[in-house]
Amino acid sequence: MKKTIFAAALLAATVLSGAASAKTFVFCSEGSPEGFDPGLYTAGTTFDASAHTVYSRLLEFKKGTTETEPGLAESWEISDDGLQYTFKLRSGVKFQTTDFFTPTRELNADDVVFSFDRQMNAQNPWNQYVAGASWEYFAGMGFPELISKIEKVDDLTVRFTLKRKEAPFLANLAMPFASIVSKEYADSLDKAGTKEKLNQQPLGTGPFQFVAYQQDAVIRYKANPDFYKGKEKIDDLVFAITTDAAVRFQKLKAGECHLMPYPNSADVESMKSDPALKVEQQEGLNVAYLAYNTTQAPFDKVEVRKALNMAINKQAIVDAVFQGAATPAKNPIPPTMWSYDESTVDDNYDPEAAKKMLADAGVSGLSMKVWAMPVARPYMLNARRAAELIQSDFQKIGVTVEIVSYEWAEYLERSKAKDRDGAVILGWTGDNGDPDNFLDTLLGCDAVGGNNRAQWCSKEFDDLVTKAKESSDQAERTKLYQQAQAVFKKEAPWATLDHSLAIVPMRKEVTGFVQSPLGDFAFDGVDITE
Amino acid sequence: MFRFFLGRLAVLIPTFLGVSLIAFSFIRLLPGDPVALLSGERVMSPERHAQISHNLGLDRPWIVQYLDYLWGVLHGDFGTSIVSKSSVSEQFLQLFPATLELSICAMIFAIVIGIPVGVFAALKRGSFADQTLMGVALVGYSMPIFWWGLLLIILFSGVLQWTPVSGRISLLYFFPPVTGFMLIDSALSDQAGAFKSAFSHLILPSIVLGTIPLAVIARQTRSAMLEVLGEDYVRTARAKGLSPFRVVGIHALRNAMIPVITTIGLQVGVMLAGAILTETIFSWPGIGKWMVDSVFRRDYPVIQGGLLIIAGIIMLVNLAVDLLYGLINPRIRH
Amino acid sequence: MADTTAAEDVVIDPSRARRLSEFWYYFSENRGAVIGLVVFIILVLAAVLAPLITPHAPAMQYRDAVLLPPAWEANGRAAYLLGTDAVGRDIFSRLLYGAQFSLFIGVVVTLLALVGGIVVGVIAGYFGGWIDTLIMRLMDIILAFPSLLLALVLVAVLGPGLTNAMIAIALVLQPHFVRLTRAAVMAEKNREYVVAARVAGAGSWRLMFRTILPNCMAPLIVQATLSFSNAILDAAALGFLGMGAQPPTPEWGTMLAEAREFILRAWWVVTFPGLAILITVLAINLMGDGLRDALDPKLKRS
C-alpha cells in the first residue's frame, strides 16, 4: 500500500509543481449512485454524485444552512394572492461542454419548463424514459397536487401557478429533484434514440462536469470552466466508491482520498488524534422519536405521556446505539434548522418523579407494546437496542414493555393505523430544510392515519403550522414555528429521542469544505492547500 | 457425437426453464412490498402505489408476468433494476469482465501450482514431501476464504505494505475501458505504471479465489496420476527403459489430464460462489459483489436476473465440459 | 488397500464386531484421520463443557477491557487469554460458545440434508419413470446455482437468521445425497437379495428402507462428512455476509463480520474466529478422508 501512496504523492507533487498544475480532489464515497438523474431517486449518495456536482437549480441552499438564496433564478416575484411565482433567470448561463455533447445555446425558460414537466406530466415523452420511473421526490413533496401550471413567459422568465398558498415551495425548488436539465441535450438524445443516456451521462450547469463512471468503482468529474459563479479551484474531482467504512478510513489515512463520509463511530477517536486529519461534525437534519398512540387510553392523557418521557434515559440510548455520535433530542426539529427553539426545557430523566406522576394519573400495572424498526436508519442505527433500553427504563417505573417488530415495509404500513396498539420508534430525515417538512408533515392533523404516527391532532398546533405555511414572511414563520414547538412540548405526543451527528473526517490540507445540514456532500468552493 | 450433444441439450432446456421459474418466483416470495419500499418513511398514496405497480407491470397475473419475463430473457432482456432503473443485462456486461479477469487469474494460479504439485506428490507417493503437500492441500481445501482474504490483507497490505487493500487499479490511472480487462486495458494505455498497478491489485484476490481450486486440482492430479502410473502401458514404457521424464510427461500426464480437466470445469461454479466472498472483501467491482449488494438493497429484478445469468453460465460451462469429456473419452457417450 | 473385495465383505459378513474392527483397522491406518478424530473430540468436549470452562459469559461486555490483545502480548491480561473485542467481550469464551453453534449447525444441516436426500433419492431410484425424471431435473436446477449464492438468496427470502441459514444450506446440500442414494438404489434394486425379498412378499417401503438402503450407506456417510464441513463453512460465510446468525450471537462467521472494521488495528479479533473455523473444518475433512478409505477402498476420489 505504501508504495502506491508514494507513487501517488510523487505524481501529485510533480503535477503540482508544474505550471499548469492540476489539482485532484478525491472523495471516498460510501456507495454507488443509483443513476445520474436526480429526479428519479431519493438517496443522498445519488444526489452527491449528480445534483451537487453536475447540476444547479433555480434556488440554492446557502452553504451550511437550510436557508435559500438565488441560483439560476436571479430574482422572483410572488403575486399578492401567493399563488403565482415568477422567476427571472440569470442570463448567460452556459451548459457544460463535454466529450459527449456540445451545447449551442445558453440556459433558457424551455429548460426549466422541461425539467419539471417531465416529472409532472404523464404524457411527456420523458416521463417514463426509464422503466418504472416514479419521480419519487416530486410526488413526495406534493408537487402534483400543488402546481397547476408552469409556463414560459419569455426566454428568461418562467411562471409557476400554484393551487394553494405554500411557503415551503421556494425551499423545495432548491432540492436535488428540482435540478435543471438541458432540453437541448435531451432532444439530441431523443433524436439519437438513446434517451437512457440522460441518466448515464448527465449534463447540467453545475460546478463540475461529468467525465466517466466505472460502475461500483470510480466517478470522475472535472471543473466546469463555464460555471456561472466562476471555475472551481480544484481541477478534477474523483469519487472513489468505497463501501466499507474501515477501508475508507485506511484510504483517508494513507492520503488516497481527501475526505470521507460516514466513519465508524469506533474510529472517530483515532481520527481526531491523527495529526494529518481533522474532523468536523454537526447534527444531521433528522430526528428519531417514540410516537405514542394519543387516541388510545391511557396514552390519551398528557400526564401519562409526560411521565413515560421522563422515564427514558436518552443519553443511554445515544451512548449505546451511536457510541456518542448523536445528541439527545428535545424538539421535534433538529438544531441546525431555522426556527429551532433553544429555550425549550426537556423532560428531565427522573424515574422517581415519573413513577409518582403515573400514579397520580391513576395508572398502575401498565403494560404496553414498543415497536422497533427492523432496519438501521441514519437517525436510529439500532432500534431494537434502543427498544431494549426503553424496556428496562420503563420497567423501573412499573411499566411492562413488549417489543414488537415487522418487516420494514409492513412496519411502515401497520404503524400508520389509527387504532394501532403501542408506541412506535421511527424517525425522519429532512428534505428541504423547512420546518414545515417536519412539523406539518409529521404532526399535522392531515397526516393522522399517515405520517402522523402519534395520531395526534391538536387544533392549537395545527393552526399555528398552517398559518406558518401560508405566510411568506420568514420572521413571522419563525415565531409561529417556535410557538408550535412549545405546544408540542407541552402536549408530548412523542418522546423525542435523538438527532444523529454527521461526522466528516478529512485531510488537514482540505479547505473550504462546508458541512451541509441537509447531509449533502458538495465540493464547490473546496480547495487543497499545501 | 451430435446425438450426444442433442441429448445433453434436451436435458438443459427444461432445467433452464426450471431455473428461470425458480429465479422468478423468488421475487414473489420475498417479504415486503418493493413498491412501498420506494418511498420509505414518506407515505405513498394508494393511487400512486397502484400507478407504480402498474408501470412496473406488477398488477398482472403472475403467469403473464412470467411468460413476459421469459420472452424478455430470450431476447436478452433480463429486466430493469428497481434501484438504479438501468438494465440488468447492461449492468452485468459492465461488471462481468472484472469477475472474469479475476477468475481467470485465479484459475491460472491454481493450475500452474496445482498440477505440478499433484504430479510431484504422485511420483513421490508416501514420502514425507507427499504427505506434507497433501496435508497443505487439505488445509487449502478446508479454508474459509473470507478469512483467508482478511489474513492476507493484514499481512501484505497492513504489515508489509506490499499490496493495495482494495479495488482494481490505483485512482491515479484513468483510461477508457476497451476490453474491460484491467490488465489488458492498462497495458494498452500509455500511462506508465498502470499495468503494474492493475497487476498488484490482482495478486491477493487471485490467491484467495484460487486457493480451493488449487487444493482440489492438486489432489485430483495426484490420484489421477497414481491410477495412470499403475496401468500396464506405463509399466511397459518404464520397463522398456524410456526416460522417467518421457514416461511421466508424455504418457502418464496426458491420460491423467482427462479427469483433471473435468475437475477444472467443475470449479467454475466454485469460483463464482467464491467470487461472492472474494469480491466483497476486496471491494472488487464484479458480479459477486453486485449480487450481494443487490440482496442488501432488495433489488429484486437484479437478484432474479443475476441468478438466472449465473446459473445459465454454469450450465453452459458444464455442458462444454461434458462435450469435451465426450470428445477425449468416447466411452462416456454410452 | 488394493483389496477390492472389502466392500463385499462388509455386506456379507454377519458379525458386527468384526466389521467394526475391520473398519477401525483401515481408519487408523490413516494418521491424518486419527488426528482429525482427536481434534474433533476435543472440539465436541469444548463445546459441551463451554459453560463450565469459559472464564466469562460470551455476551458480557467489560467496558474497561476493550480491544485488549491476547494475554502473551505486551498489553494483554491473563484474564482474557485471546484478548477482547471492540465492546470488551472475551474472545476465548466467545470462541468456545461458537463451537456449540458451529457443531450444532453441522449436525442439524447434515441430518436435514441426509434424511431429505435419502427419502427423495430412494423414491427416485426405486420408482423410476417420470417421478425419477422430475426429481432429478429438480436437483439439476438446484445444482445449477452456486451453492452460496442460492443460500444467500434463500436467506434473503426467508429473512436473516441462524435457523433460516441452516434450512437454506441444507436445501443446497441435499441434491448430492439424492444423486448418491438414487444411483445406489438403482444399482442394488435388481440384485438377487432384493429380488428374493420381493418374491418373499416384502412391501415397497420395507424393501427400500430396510433392505436396500443399509447396503448403500458407505458413500452416504462419506458425503455426510463432506456436508458437515461444508455446512459449517457456508454458515460462517453467510454470517460473514450478515445473513446468518445475527449479533451478538457468538457464531464464528458473525464474529468475523463484526471484527472486519478492526482488521488493520487488532489482528486478534480477526485471526482467532477464522482459525477456529479452519481447524474444525480441517479436522472433519481429515476424518472424512479416513472414513472414505475405511468404508470403501474403491471410492478413491480426489
> Counting only residues that are surrounded by fewer than 21 Cβ atoms within 10 Å (Cβ to Cβ) and touching a residue at least 60 places away in the same chain (Cβ under 8 Å), which one in the range B:120-129 is nearest to residue C:286 (Cα to Cα)?
Replying inline: B:125
> Among (1) assigned to a helix (DSSP H, G or I); (2) touching a residue at least 24 places away in the same chain (Cβ under 8 Å), which single condition is residue A:409 missing?
Replying inline: (2)
> Can you tell me which residues in the range C:104-152 are away from every other protein chain (no Cβ under 14 Å), more than 13 Å from residue C:182 (Cα to Cα), in contact with a helix residue (DSSP H, G or I) (Cβ under 7 Å, 6 or more places away or on another chain) and of a type in the set (Val, Ile, Thr)?
Replying inline: C:108, C:109, C:110
>> Cβ-Cβ under 6 Å, sequence separation 6+ or interchain: first residue in the range B:300-323 and more than 10 Å from every other protein chain (Cβ to nearest Cβ), partner buried (at least 22 other Cβ atoms within 10 Å of the Cβ) and assigned to a helix (DSSP H, G or I). Which pairs?
In response: B:302/B:88; B:302/B:294; B:305/B:88
> Does any residue of the range C:71-81 turn out to be touching a helix residue (DSSP H, G or I) at 6+ places or on another chain (Cβ under 8 Å), touching a residue at least 40 places away in the same chain (Cβ under 8 Å) and buried (at least 17 other Cβ atoms within 10 Å of the Cβ)?
Replying inline: no
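When you go through C:225, C:280 one by one, which is the residue that is within 16 Å of the chain's Cα centre (by Cα) and buried (at least 23 other Cβ atoms within 10 Å of the Cβ)? Can you show your working first?
Values: C:225 fails: buried (at least 23 other Cβ atoms within 10 Å of the Cβ).
Going through C:225, C:280 in turn, the sole match is C:280.
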> If residue B:17 satisfies every condition in (1) surrounded by fewer than 16 Cβ atoms within 10 Å (Cβ to Cβ); (2) within 14 Å of chain A (Cβ to nearest Cβ) but one, which is the exception?
Replying inline: (2)
> If you check B:281, B:313, B:309, which single one turns out to be closer than 30 Å to residue C:260 by Cβ and buried (at least 24 other Cβ atoms within 10 Å of the Cβ)?
Replying inline: B:281
> Counting only residues that are within 25 Å of residue C:83 (Cβ to Cβ) and surrounded by fewer than 18 Cβ atoms within 10 Å (Cβ to Cβ), how many does the range C:22-43 have?
Replying inline: 2
> Only one residue in A:386, A:361, A:353 is within 30 Å of residue B:33 (Cα to Cα) and more than 14 Å from chain B (Cβ to nearest Cβ). Which one?
Replying inline: A:386
> Could you say whether any residue in the range B:86-103 is more than 10 Å from every other protein chain (Cβ to nearest Cβ) and at pLDDT below 90?
Replying inline: no
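Would the range C:197-209 turn up any residue that is of a type in the set (A, V, I, L, M, F, W, C) and under 27 Å from the mean Cα position of the chain (by Cα)? Reasoning before the result, please.
Within the range C:197-209, the subset of a type in the set (A, V, I, L, M, F, W, C) is C:197, C:199-200, C:202, C:205, C:207-209.
If we keep only those that are under 27 Å from the mean Cα position of the chain (by Cα) as well, we get C:208-209.
Yes, there is a match, as at least one residue in the range C:197-209 is of a type in the set (A, V, I, L, M, F, W, C) and under 27 Å from the mean Cα position of the chain (by Cα).
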> Can you tell me which residue in the range C:240-249 is nearest to residue C:82 (Cα to Cα), limited to those that are crowded, with 24+ Cβ neighbours inside 10 Å and more than 10 Å from chain B (Cβ to nearest Cβ)?
Replying inline: C:245
> Of the numbered conditions (1) more than 10 Å from chain A (Cβ to nearest Cβ); (2) touching a residue at least 40 places away in the same chain (Cβ under 8 Å); (3) of a type in the set (A, V, I, L, M, F, W, C), residue B:83 satisfies every one except a single condition; which is it?
Replying inline: (1)
>> Here's a check for you: in the range A:178-205, which residue that is hydrophobic (A, V, I, L, M, F, W, C) and out of contact with any Asp or Glu (no Cβ under 8 Å at 6 or more places or on another chain) is nearest to residue A:38 (Cα to Cα)?
In response: A:178
> Under 8 Å by Cβ, and 6 or more places apart or on different chains, what pairs join a residue from the range A:246-266 that is over 14 Å from residue C:262 (Cβ atoms) and within 12 Å of chain C (Cβ to nearest Cβ) with one that is part of a loop (DSSP other than H, G, I, E, B) and at pLDDT below 85?
Replying inline: A:251/B:165; A:254/A:1
> Is the range C:217-231 home to any residue that is aliphatic (A, V, I, L, M), outside any helix (DSSP H, G or I) and more than 12 Å from every other protein chain (Cβ to nearest Cβ)?
Replying inline: no
>> Please go through the range B:134-179 and give me each residue that is under 27 Å from residue A:239 (Cβ atoms), part of a loop (DSSP other than H, G, I, E, B), hydroxyl-bearing (Ser, Thr, Tyr) and within 9 Å of another protein chain (Cβ to nearest Cβ), ordered by number.
In response: B:163, B:166, B:170
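Filter the range A:129-183 for residues that are of a type in the set (Ser, Thr, Tyr) and farther than 23 Å from residue B:52 by Cβ and give the result.
So in the range A:129-183, the residues of a type in the set (Ser, Thr, Tyr) come out as A:129, A:134, A:137, A:148, A:157, A:161, A:179, A:182.
Selection gives A:148, A:157, A:161, A:182.
Within the range B:187-231, restricting attention to residues that are of a type in the set (D, E, K, R) and surrounded by fewer than 19 Cβ atoms within 10 Å (Cβ to Cβ), which residue is nearest to residue B:153 (Cα to Cα)? Break it down stepwise before answering.
Our first condition is that a residue be of a type in the set (D, E, K, R); within the range B:187-231, this holds for B:190, B:196, B:219, B:222, B:227, B:231.
Narrowing the set further to residues that are surrounded by fewer than 19 Cβ atoms within 10 Å (Cβ to Cβ) leaves B:190, B:196, B:227, B:231.
Details: B:190: 30, B:196: 19, B:227: 39, B:231: 45 Å.
Taking the candidates together, the pick is B:196.
Name the residue that is surrounded by the most Cβ atoms within 10 Å (Cβ to Cβ), counting only residues in the range B:232-277 that are within 30 Å of residue C:150 (Cα to Cα) and touching a Leu at 6+ places or on another chain (Cβ under 6 Å).
As a first pass, look at the range B:232-277 and keep what is within 30 Å of residue C:150 (Cα to Cα): B:258-277.
Within this subset, residues satisfying the condition of being touching a Leu at 6+ places or on another chain (Cβ under 6 Å) are B:273-274, B:276.
Values: B:273: 26, B:274: 28, B:276: 25.
Here the residue is B:274.
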> Applying the selection to the range B:180-234, what residues are more than 13 Å from every other protein chain (Cβ to nearest Cβ) and within 20 Å of residue B:116 (Cα to Cα)?
Replying inline: B:206, B:207, B:210, B:228, B:229, B:234
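Quick one: which of B:93, B:102 is without any contact (Cβ under 8 Å) to a residue 24 or more places away in the chain, part of a helix (DSSP H, G or I) and touching a Gly at 6+ places or on another chain (Cβ under 9 Å)? Don't jump to the end; show me each part of the working.
Details: B:102 fails: without any contact (Cβ under 8 Å) to a residue 24 or more places away in the chain.
Residue meeting the stated conditions: B:93.
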>> For residue C:52, only one of the following conditions fails: (1) outside any loop (DSSP other than H, G, I, E, B); (2) surrounded by 13 or more Cβ atoms within 10 Å (Cβ to Cβ). What is its number?
In response: (2)
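Name the residue that is farthest from the other protein chains (Cβ to nearest Cβ), counting only residues in the range B:45-74 that are in a helix (DSSP H, G or I) and among the acidic types (Asp, Glu). Even if it seems obvious, please write down each step before you answer.
Let us first name the residues in the range B:45-74 that are in a helix (DSSP H, G or I), namely B:46-55, B:62-74.
Keeping just the survivors that are among the acidic types (Asp, Glu) gives B:47, B:68.
Details: B:47: 10, B:68: 13 Å.
Selected residue: B:68.
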> Just wondering, is there one or more residues in the range A:378-393 that are surrounded by fewer than 17 Cβ atoms within 10 Å (Cβ to Cβ), in contact with a helix residue (DSSP H, G or I) (Cβ under 8 Å, 6 or more places away or on another chain) and more than 21 Å from residue A:306 (Cβ to Cβ)?
Replying inline: yes
>> Given the condition among the small types (Gly, Ala, Ser) and either in a helix (DSSP H, G or I) or over 27 Å from residue A:47 (Cα atoms) (or both), answer yes or no: does some residue in the range A:424-434 qualify?
In response: no
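Look through B:3, B:42, B:8 and report the one residue that is more than 14 Å from chain C (Cβ to nearest Cβ), at negative phi and surrounded by 13 or more Cβ atoms within 10 Å (Cβ to Cβ). Steps first, please.
Values: B:3 fails: surrounded by 13 or more Cβ atoms within 10 Å (Cβ to Cβ); B:8 fails: more than 14 Å from chain C (Cβ to nearest Cβ).
It is B:42.
The values are calculated or read from the model by the stated rules, or taken from the named source; none is laboratory data. Predicted model only: the values in this text are computed from it and were never measured. Ideal geometry is used to build each Cβ from the backbone, glycine not excepted, and the neighbour counts take in all protein chains shown.
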